[in-house]
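Okay, so here's the structure we're looking at.
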């Protein structure tokens, strides 16, 4: 096998100091949700393990996953691409084109057979012999199957590769299928990183984890990394106290929207969506859709595109006991508040009348 430089060797060649390297390892540990004690382990891995060769293929998609990836800040995408990875092929950002670009795939397979990572963005159409998606004169499905036979593992970037997304929406005329359902795909480990697109730091952190520990991260039953998809957006949403109190936005731009109440009644899918949006957020942790005033559409969940309007309210969300749902609790809360106001008013009136009677006796 051809020798590949380690991450540390590349950084030193670029003039990065040892101190800066160790600082980078600490930041990487933090981005992975690990304690500072893991920083030395990350440093050791970066010093001793070669960069991971990657072939990044594009099927039916809009390139939003790549757009998200290159905006990562922790770690910076440039550090991932230029140092942690040997990104041999990515037709979106590579300089090569035509026969020169396509020859890289065969060269990588020959040099690093069974040792490289296959990243898939988008999905493959099967109808009409796959002719809806042509790469270098051949159906993308053929390219996908060919490369999958020789890779070490597969990452399905985004909801297109993970679930099918809008290309697979009913009636799905091209018969687009997600990576794991593609006939002929090799039996290799598949890591699904769904989202439309996935969060930038989630994408780079998954790669950083695989390089550091030389294994795929722990996955849930659907094949998603638990460290980012084990909790619902609803569980850590800053509007959650309003949900528990039965305080909801009734329509966009009403007074409750301006007060930052829960968006459940205007269709927010946060209670059924597993992702890290409410903790990691977007644009270097600046915000996420719910914080910007729009409900979650559940874009990281399978079939979100065929489940009706994004603004249809979820039904039967039981958070307060088996017999109660959010609507009932909201109504009860309103009644309790109204009752409390009435009781307070009555008590004030009685007290006022009592004081006047006492003064009259005097």
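Here the translational diffusion coefficient of the stretch 243-310 follows from Stokes-Einstein with Rh set to the Kirkwood radius across Cα pairs; for 37 °C and 0.692 mPa s it amounts to 259 µm²/s. When the Cα centres of the stretch 134-181 and the stretch 237-276 are compared, how far apart do they sit, in Å? With the stretch 134-181 and the stretch 237-276 each reduced to a Cα centre, they are spaced 35 Å.
With the highest mean first, a sort of the peptides 235-246, 158-169, 270-281 on other beta-carbon atoms found within 10 angstrom per residue produces 158-169, 270-281, 235-246.
Each peptide in 34-41, 199-206, 125-132 was scored by the mean count of other Cβ atoms within 10 Å over its residues; highest first, the order is 199-206, 125-132, 34-41. I need the fraction of alpha carbon pairs in the stretch 208-286 separated by more than 15 Å, rounded to a whole percent. More than 15 Å apart: 64 percent of the Cα pairs in the stretch 208-286.
Mind grabbing the base-10 log of I(q)/I(0) for the stretch 7-229 at q = 0.11 Å⁻¹? Debye formula, identical points on the C-alpha positions, no solvent, two decimal places. Rounded to two decimals, the profile gives -0.53.
Here the simple spin-label model places points 7 Å from the Cα toward Cβ, and for residue 138 and residue 101 these points are separated by 1.6 nm.
For residue 309 and residue 213, a Förster radius of 41 Å and the Cβ-Cβ distance give a FRET efficiency of 0.45, rounded to the nearest 0.05.
The overall shape of the stretch 80-207, judged from the alpha-carbon gyration tensor, is oblate: a/c is not under 1.5, and a/b is no greater than b/c.
Tell me the Kirkwood radius of the stretch 150-200: reciprocal of the mean inverse pair distance over distinct alpha-carbon atoms, in Å.
11.5 Å is the Kirkwood radius here.
All of the numbers you see were taken from the coordinates with simple rules; none came from a lab. None of the values given here were measured: they were computed from a predicted structure. Positions of Cβ are generated from backbone atoms using ideal geometry, with glycine treated the same way; all protein chains shown enter the neighbour counts.
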